[in-house]
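Participant: Here's a structure for you.
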Protein chains: 2
Amino acid sequence: MYKAPVDEIAFTLKHVAGLAEAIDRGAFGELGEDLVDAILGEAGRFASEEVAPLGDAGDRRGARLVGGTVETPEGWRDLYHNWIAGGWNGLTAPEAYGGQNLPHMLHVAAMEMWNSGSMAFALAPTLTMGAIEALEKHGTEVLKSVFLPKMVSGEWMGTMNLTEPHAGSDLGVLKTRAERCDDGTYRIFGQKIFITWGEHDFTDNIVHLVLARLPDAPPGTKGISLFLVPKFLVNGDGSLGARNDLFCHSLEHKLGIHGSPTCTMIYGDGRFGAEKGAVGYLVGEENRGLACMFTMMNNARLAVGMQGVAIAEAATQKAIAYAKERRQGRAPGWSGEGMSPIIEHPDVARMLLTMKALTQGSRAIAYACAHAVDMAHFAEGEEARHWQERSSLLTPIAKSFATDAGVDVASLGVQVHGGMGFIEETGAARYLRDARIAPIYEGTNGIQAIDLVTRKLPLSDGAHVRGFIAELREVTAAVAASNRKGFGETAARLDAAIADLEGATAWLLSAIRDGKLAEALAGATAYQRLFGLVLTAIYLAKGGLAEAGDGKQEQRIALCRFAAENLVSETSALEDRVTNGAESLAAARSILD
Amino acid sequence: MYKAPVDEIAFTLKHVAGLAEAIDRGAFGELGEDLVDAILGEAGRFASEEVAPLGDAGDRRGARLVGGTVETPEGWRDLYHNWIAGGWNGLTAPEAYGGQNLPHMLHVAAMEMWNSGSMAFALAPTLTMGAIEALEKHGTEVLKSVFLPKMVSGEWMGTMNLTEPHAGSDLGVLKTRAERCDDGTYRIFGQKIFITWGEHDFTDNIVHLVLARLPDAPPGTKGISLFLVPKFLVNGDGSLGARNDLFCHSLEHKLGIHGSPTCTMIYGDGRFGAEKGAVGYLVGEENRGLACMFTMMNNARLAVGMQGVAIAEAATQKAIAYAKERRQGRAPGWSGEGMSPIIEHPDVARMLLTMKALTQGSRAIAYACAHAVDMAHFAEGEEARHWQERSSLLTPIAKSFATDAGVDVASLGVQVHGGMGFIEETGAARYLRDARIAPIYEGTNGIQAIDLVTRKLPLSDGAHVRGFIAELREVTAAVAASNRKGFGETAARLDAAIADLEGATAWLLSAIRDGKLAEALAGATAYQRLFGLVLTAIYLAKGGLAEAGDGKQEQRIALCRFAAENLVSETSALEDRVTNGAESLAAARSILD
């Protein structure tokens, strides 16, 4: 059973991702390490003791649509109410609406642990938090005062309604329509698909944020508006009024995250009364809906990255436990009695260490991204701009690398379990099934790569990414200067990997500048992985260099060395793919016709 | 819907894997290319038109245990009977028992297509064929005359009962027990798990081959005997007699291949009569059961490799079809109206071409392995020994590379489908679920790597593998000599990749010779993948060089170039992992404690 790695998480936040330094500098006001530890400890306890025990059962039973309402798995409603009773829903929300305004770093760390317990369950508040953010930034004071307090407390949950059957990644073509009413409200008509937690029995009301198009809107992405559309209208005194004209038509039958209802939502077909049209309230300006959405999209992408980290951690724990128990054959050098635990076989140890390194690397990248988000929020002026760029750059890497790691690590976890891994009751297969959606939703990892190469690399005309790479060089210099034997060839190998990253970066910046978009995009995914691999090793090195006094420094150095000498060598092939791969890709394209 | 790629398969058999040359030399007697084409065409028609349409429904419904018998999915029993009516079950079986004694190459090609239609369904005859092979090689004349004709025709099916809860990869510790009876028969007692198609409603009788231990057997693998244990005893006139003392206790709830019942079998608990013990007949000599099993294990491993190829092909077809239909965004260079089909996005094209290259490469490796099996069977003396070594060398590579490709390609297929890939009705997720068992059963891919490095490389003191690598050099020389511009940098890149393979091979041979087993095994999996990648590119090159006159040569050259310039560069990292990775792996091992 999953046990939240609170110490490792706290170490990574403080000593790898920058939290300790930020606290020392007073960037987060009164916040001290003691409070950080207390929050992480309690979030971890909740994840291990409350969420994780209901994860497998929730997967087996799944969410079900019964007579128009969604029944969640047994025990999940109580779980949710225990969770909001702990105040967890408002961790980063503004104090004005009952939140605690704590750094985003703490939030992603806690989210990781809840997702490890059950990704399907932890998805529910993830959506609410996104809705809170969009509403807080773009809603009118009236909307905020009516909805935000209850959404921050968790009494009501929120959703995001973007996708339609023909509008997935490309929202410009969506068809859901909004009509203006004389009283300043709108009526919404249309169908939305893939709406996560679009209907359920956790809360009395559900606050949908819906993208739709006004009759006179310009075509494409510049004609999309954002509306708040509650399941139940709210009376002047805050009590619930009439049922709004929307409902969940059906649930998807998915590969994984079975406990999470994925809904097709119908707006405005008149099911609950004579007058058709779901009552909606404009959020932000007309035709500026996509901009409103984008303000929350970066954080949503990081949140999905955390799901990758979370699954990787849980799958690694399970695989290590199994490999220590299960005995088969005799590993080389095994001197014990009878068969050796399979963890003694070098190939199994390699799988487990690969899982560890990818998990810890993804975690560090994601936390570093959250750190940048925090610094952009708390800092000012030029410093804030710097951190804004850093979070922009890291977001697609954190999302894609961590979610790919989630799938790869979960798949390795199945493999370590052998035949038992294919049996559902073991639980290893669930991690693979759950993990598989994360590289797809909130922008596929291919779309993240396009974003990274075409929008993030050119930030400050390439100066930001170059500055970041220079920072990475400082880490390898520190490794070399440390003279610690345990690092082995780490410094030399990381220097070579950084050189690959530099080469690929320069090539891409030049290709983008020269308008060679097809050539740049041909290697975008390879570049994204290259960046993630380098960061994995760099952050592992940073962890190895940190003197945390917890007796684990040698282990961290050994894991870093394993990554440097066994995983990172892939960077030269990736660099080659970026800088030399486009031509043969284009030449082979016609094969597919 | 899957359409068997009969032309591509025939091309690969004839011009890449060696069938045309072998036919020209008369190695297969009367067999001509016309007959090959006719057989492949009909096997492909059956796969596309009969098997594939029942694949998804079979997955959804799954096999069910109802009152002690297993109900197979609707339509599958008729499908099986149509299939055996076509004579497919006895394709490679001896003519003396009603088989057609055709080359194994044809068999694996046909198996590939049926597995593409439904891996869960095609598993059923796979097991029977293994049982036929073991029985034919090691059974007494009486046993053979009673059982083989009906097993060859498919009237009765066969199973293999190896695994027990504590005896998976390591069969030496199995506990099922056999007692001698005065009449020369045996009584079997014990429990077997993970028995594929151990019980079902396809046939009136089921012939179980069961590994068990005699009371006076030596411990370990030298004390295991093989028994034939029919579900129903057979009377002197060939009619079915009493129910034997065995039954299916339960079915596993699995990640994939839901249509295939995976049974826990109980032998000898007296359920059907007063006298306990399942009647078994010795196959081969007492205590030599494992040797009997091994005779069929190589072919079973290749058969599982074919499942990887099959899933990769089916997943690739589905993804290409979707990517042509689905429109999102505007790809660079897209001049059509509205959104472009996603296949126009470079990243999607890259995924699809990677899928194509891995599929075609795995197929060629597997067919080349089958060719070696055939040549070892039909040739004599030194030549037979040569081909025996070749099939031994290629088997672990074919099994592991193709099954890893099956998972990787199916996962890419899900990714190409975006959100739809996560929805079960789409069918892309089924391929991933089904594919995930293949790297595990019939010896995990880690065990294949141990076999490759410790038993196959040392064949003829390393001369065989060195000779094989020299053959690969001839292909790159021919590419260079061809002067075809379409090959791009293929020759130089493949030469570099072969050098990586040579370096890793020499290092491993030396490590094995010096008794550095742990060091060799630390890189065994990386080496196995390195070998498979090189073979993929070499066989694609061989295909590109072949003048088949089918108008597809340029496409084959382009795919080869894509593999050479985009996939093969990974070999240097793999070589590095083999020759330099062991130390940091050993140093990090204690992290896992």
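Participant: Using only the Cα atoms of segment A:422-526, what do you get for the radius of gyration and for Dmax, in Å?
Facilitator: Reported Rg and Dmax, both Å: 18.7, 54.
Participant: Quick one: dipole size for segment A:6-153, taken about the Cα centre, charges +1 on Lys/Arg Cβ and -1 on Asp/Glu Cβ, in debye to the nearest 20.
Facilitator: On the way: 10 positive and 21 negative charges, 135 e Å.
Result for segment A:6-153 is approximately 640 debye, rounded to the nearest 20.
Participant: A further question on this structure: Probe radius 1.4 Å, ligands and nucleic acids ignored: give me the carbon and sulfur share of the accessible area of segment A:1-70 as a rounded percent.
Facilitator: Details: 1520 of 3210 Å².
Carbon and sulfur: 47 percent of the exposed surface of segment A:1-70.
Participant: Now for a different question. How much accessible area per residue does segment B:446-585 have, in Å², with a 1.4 Å probe?
Facilitator: On the way: 4970 Å² over 140 residues.
Computed with neighbouring chains in place, this is 36 Å² per residue.
Participant: Take A:K222, project a point 7 Å from its Cα along the Cβ direction, then tell me which residues of segment A:277-293 have their backbone nitrogen under 13 Å from it.
Facilitator: A:287-288
Participant: Compute the accessible area of each residue in segment B:154-179 twice, once for its chain alone and once with every protein chain present, using a 1.4 Å probe on heavy atoms, and list those whose area falls by at least 50 Å².
Facilitator: Going by heavy-atom accessible area, the residues of segment B:154-179 that drop by at least 50 Å² are B:D170.
Participant: If you don't mind, there's one more thing I want to ask. In whole Å, what is the distance between the alpha-carbon centres of segment B:315-335 and segment B:4-56?
Facilitator: Centre-to-centre distance over Cα atoms comes out at 30 Å.
Participant: Quick one: helix A:33-45 against the long Cα principal axis of chain A, what's the angle to the nearest 10°, folded into 0 to 90?
Facilitator: 80 degrees
Participant: Run the numbers on segment A:418-437: which residues show a drop of 10 Å² or more in accessible area, chain on its own versus all protein chains together, using a 1.4 Å probe over heavy atoms?
Facilitator: A:G418, A:G419, A:M420, A:F422, A:I423, A:E424, A:E425, A:A429, A:L432, A:R433, A:R436, A:I437
Participant: As a test question: what accessible area, to the nearest 10 Å², does B:Y441 have when a 1.4 Å probe is rolled over all protein chains in place?
Facilitator: 50 Å²
Participant: Something else: If a paramagnetic tag sat 7 Å from the Cα of B:H81 along the Cα-Cβ line, which residues of segment B:166-198 would have the backbone N under 17 Å from that point?
Facilitator: Output list for this probe position: empty.
Participant: If the reach is capped at under 18 angstrom between alpha carbons, list the aspartates and glutamates near B:K222, excluding any in the same chain fewer than eight residues apart.
Facilitator: Answer for B:K222, where 18 Å is the Cα cut-off: B:E164, B:D170, B:E179, B:E285, B:E286, listed by chain and number.
Participant: Lys pairs in segment B:446-585, Cα-Cα under 26 Å, at least 8 apart or on separate chains: how many? Mind dumping the intermediate values first?
Facilitator: Numbers: B:K456/B:K516; B:K456/B:K542; B:K485/B:K542; B:K485/B:K552; B:K542/B:K552.
Within segment B:446-585, the lysine pair count is 5.
Participant: Now, a different point. Mind jotting down the distance between the C-alpha centroids of segment B:504-530 and segment B:241-302, whole Å?
Facilitator: About 36 Å separates the Cα centre of segment B:241-302 from the one of segment B:504-530.
Participant: Okay, next question. For the protein assembly as shown, restrict the atom set to alpha-carbon positions and state the Rg and Dmax in Å.
Facilitator: 30.5, 98
Participant: Accessible area lost on pairing A with B, both sides, 1.4 Å probe, Å² to nearest 100? Mind dumping the intermediate values first?
Facilitator: Numbers: alone 23970 and 23980 Å², together 40560 Å².
Buried area (both sides, nearest 100 Å²): 7400 Å².
Participant: Tell me the carbon and sulfur percent of the accessible area for segment B:446-585, rounded to whole percent, probe radius 1.4 Å. Mind dumping the intermediate values first?
Facilitator: Values: 2570 of 4970 Å².
Exposed carbon and sulfur together represent 52 percent of the surface.
Participant: If r is the Cβ-Cβ distance from B:A274 to A:R64 and R0 is 56 Å, what FRET efficiency results, to the nearest 0.05?
Facilitator: On the way: r = 48 Å, r/R0 = 0.85.
That pair, B:A274 with A:R64, gives E of 0.70.
Participant: Can I ask one more? Between copies, how far apart are the B:A379 label points? List them in nm, one decimal, shortest first, with each point 7 Å from Cα toward Cβ, please?
Facilitator: 6.8
Participant: So how exposed is A:S391, as accessible area in Å² (1.4 Å probe, rounded to 10)?
Facilitator: About 10 Å², ignoring ligands and nucleic acids.
Participant: Separate question: Would you kindly work out, in nm and rounded to one decimal, the distances from the label point of B:A480 to those of the same position in each other copy, ordered shortest first, with label points 7 Å along Cα-to-Cβ?
Facilitator: Once sorted, the set of distances for B:A480 reads 3.6 nm.
Participant: I'd like the accessible area for B:L282: 1.4 Å probe, protein heavy atoms, all chains in place, Å² to the nearest 10.
Facilitator: 40 Å²
Participant: Helix B:141-153: angle to the longest alpha-carbon principal axis of chain B, degrees 0 to 90, nearest 10?
Facilitator: 50 degrees
Participant: Quick check for you: with a 1.4 Å probe and neighbouring chains kept, what is the accessible area per residue of segment B:1-105, in Å²? Working shown, then result.
Facilitator: Details: 4680 Å² over 105 residues.
Per-residue value: 45 Å².
Participant: If one takes the longest principal axis of the Cα atoms in chain B, at what angle in degrees, from 0 to 90 and to the nearest 10, does the Cα axis of helix B:76-85 lie?
Facilitator: 90 degrees
Participant: Inter-copy label distances at A:K222, 7 Å along the Cα→beta-carbon direction, one decimal in nm, shortest first?
Facilitator: Nearest to farthest, the other copies are at 8.4 nm.
Participant: Along the Cα→Cβ direction, 7 angstrom out, place labels at B:D24 and A:S482. What is the inter-label distance in nm?
Facilitator: My value for the distance between the label points is 6.1 nm.
Participant: Shifting gears a bit: When the distances between all Cα atoms of segment B:211-272 are binned every 10 Å from zero, what whole-number percent does each bin get?
Facilitator: 18, 30, 36, 16, 0
Participant: Right, something else. Residues of segment A:558-572 with accessible area at least 50 Å² lower in the all-protein-chain context than alone (1.4 Å probe)?
Facilitator: In segment A:558-572, residues shielded by partner chains: A:R561, A:N566.
Participant: Using helices alone, what [θ] at 222 nm do you get for chain A, with -39,500 (n - 2.57) per DSSP H run of 4 or more residues, divided over all residues and rounded to the nearest 500? Present the calculation step by step, with values, prior to reporting the outcome.
Facilitator: Details: 20 runs with 310 residues, N = 593.
Helix contribution divided over all residues of chain A: -17000 deg cm²/dmol.
Participant: Leaving ligands, DNA and RNA out of it, report the carbon-plus-sulfur percent of the accessible area of segment A:157-287 at a 1.4 Å probe.
Facilitator: Values: 2390 of 4820 Å².
Looking at segment A:157-287 in its full context, I get 49 percent from C and S.
The values are calculated or read from the model by the stated rules, or taken from the named source; none is laboratory data. Everything numeric here is computed off the predicted structure, so don't read it as measured data. Positions of Cβ are generated from backbone atoms using ideal geometry, with glycine treated the same way; all protein chains shown enter the neighbour counts. Only protein heavy atoms, including side chains, enter the accessible area calculation; ligands, DNA and RNA are left aside. Shrake-Rupley method; radii C 1.70, N 1.55, O 1.52, S 1.80 Å.
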